[in-house]
Structures are given as C-alpha cells and as structure tokens.
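Take a look at the structure below.
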Amino acid sequence: MNISTSSLANTVVVLDFETTGLSPNQGDRAIEIGAVKLENGQVVDQFQQLMNPGRRVSSFIEGYTGITNTMLSDAPSCEEVMTDFASFIGDANLVAHNASFDQRFLDAEFDRISHRYDGEFACSLLIARRLYQDAPNHKLGSLVTYKNIETDGVFHRALADSEMTAKLWLQMLEDMKTDFDIQSPSFKLMQQISKKTKAAVPTFLYRTGKGRA
DNA sequence: TGCCAGGCCCTCTTTAGGGCCTT
C-alpha cells in the first residue's frame, strides 16, 4: 500500500445536508451542505456552502433551519456547489446521521452533474442504536447530550450538524476502545456493526476485541 | 380532491403495522 492509498484509507468525510424536504424523488433539493474531513481521528478540513435550489423554500424549512429565501437568493447554484463538494470528498468514505437520507440527496445532486464517487457510507444513527441501547432516543441532538459532547448550540445547520456527527463518530470509536478493547476500529468494522442485530453486537464486539472474530 | 419518502426495526410479526430518524 502506498502512502496516498494509506492516507485515503484513514480519511472519512462526515457530511450533512439541509434540504427543501425529505425526498429528492418528490422534487426536493439540497440547500446547504456541511462536512468535516477526519484523518486518523483528527479534523483536517471542513466544507460549508449554501446553494440555490432554483425555487423558494417553505416557511417550515426557513423556520427549521434558519436558512431563508433571502439567504439563498444570492447563493451559487446546486450544480456549482456540488462540483466543489465532489472535489472535497474525492473517493473518501462517508458518514452521516441517518445516512440513507443524506445518501439519497448526495446521489441525486451528483446525478445532476453526472458525477460518480467510489466512497461508501456508514450510518452513525444505526451504529448508535446498537452501541447506546440505553439512550432515551437516537436523534443527533439527544445523543450529543447523552454522551456529554460539547457543542456551540447551533442545530439544523449543515456544518454544525456535521461537526456534531463527527464528534459522535469519534466518541463511538473511543467507546469501542474502552468498552471492547478494539484499539483501531476500522470503517469496515463500523459498517459491519450497523448491519448486525442489536442483540448480536455486544458478543460480536467482545470477540473482535479479543481477536477471536 | 386527496395524496405525497424511504429504510430500519420492533412486535401484539413473517399473508402486517407502526414508530423512529432525516429535512
């Protein structure tokens, strides 16, 4: 493995979209993308950009995100922003909270610019449901409180949410070290966890930590 | 007019239904 490949293997981009609604299949578009790049557990870069979806957003979305039609009127197009974002992520693996949602919008927006990427997704929500089975719920904000993760108090903006998700991701890696003696949890291992039943995860992690997987 | 997401996951399940998550 050469140096660049080795570096890529340890690079993860944690991302979050703000959008006009819940479904690109129903015509919804991205209005903001935020992301942080992690290398070997350290934040090395970040990305945040509003984008103009070409139509007005609802008052619900204005209230939910704080992103107004006025703010979007001067923003570059989705196509411009997503072209820049494609360069930012490269082929790194990706993390998001409820990743199926962000993956749908990433794929839909990349389709519009005919861009393909090779990275794979891991879902912090699915992993948290398995690792933190005693949490009151698994909303991002609730998990941040549950794990005493420091925030700046901003929610539902793309960069702030991606930063919180990145901190949650690193916390989960740390907890796997302390609770299951897994010193360097790989991205693949995290994906494996998200696909196992909740009941099977503790035994799986115990055996992995003891090198018996 | 009325409807409108999609995937995961649990259970009073599997020939189903509904809550949880994301905006």
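The H on the amide N of A:Phe121, modeled in the peptide plane, is under 5 Å from the matching H of A:Leu94, each at least 5 residues off or on a different chain. Out of the total accessible area of chain A (probe 1.4 Å, heavy atoms of protein only), what percent is carbon and sulfur? Answer for chain A is 46 percent, counting heavy atoms of protein chains only. When the residues A:Lys177, A:Lys188 are ordered by accessible surface, computed with a 1.4 Å probe over the protein chains alone, the sequence from largest down reads A:Lys188, A:Lys177. Looking at chain A, the accessible area is 51 square angstrom per residue; that uses a 1.4 Å probe and ignores ligands, DNA and RNA. Remark: the range A:88-104, residue by residue, has Karplus-estimated 3J(HN,Hα) of 5, 7, x, 10, 5, 6, 10, 10, 8, 8, 6, 4, 4, 5, 5, 5, 4 Hz, where x stands for each Gly or Pro and the curve is 6.51 cos²θ - 1.76 cosθ + 1.60 at θ = phi - 60°. Other residues whose C-beta falls under 9 angstrom from the C-beta of A:Ile67 contribute a net charge of -2, scoring Lys and Arg +1 and Asp and Glu -1. 3J(HN,Hα) couplings calculated from phi for the range A:47-63 with the Karplus curve 6.51 cos²θ - 1.76 cosθ + 1.60 (θ = phi - 60°) are, in sequence order, 9, 8, 7, 6, 9, 7, x, x, 7, 6, 9, 6, 5, 4, 5, 4, x Hz; Gly and Pro show x. Rounded to the nearest 500, the helix-only mean residue ellipticity at 222 nm of chain A stands at -14000 deg cm²/dmol, with each DSSP H run of n ≥ 4 adding -39,500 (n - 2.57).
The values are calculated or read from the model by the stated rules, or taken from the named source; none is laboratory data. Only a predicted model underlies this, so the values are computations on that prediction, with no experimental measurement involved. Cβ: placed from backbone, ideal geometry, glycine included. Neighbour counts: every protein chain shown. Ligands, DNA and RNA are stripped out before the accessible areas are found, and what is left, the full protein with its side chains, is counted by its heavy atoms. Shrake-Rupley method; radii C 1.70, N 1.55, O 1.52, S 1.80 Å.
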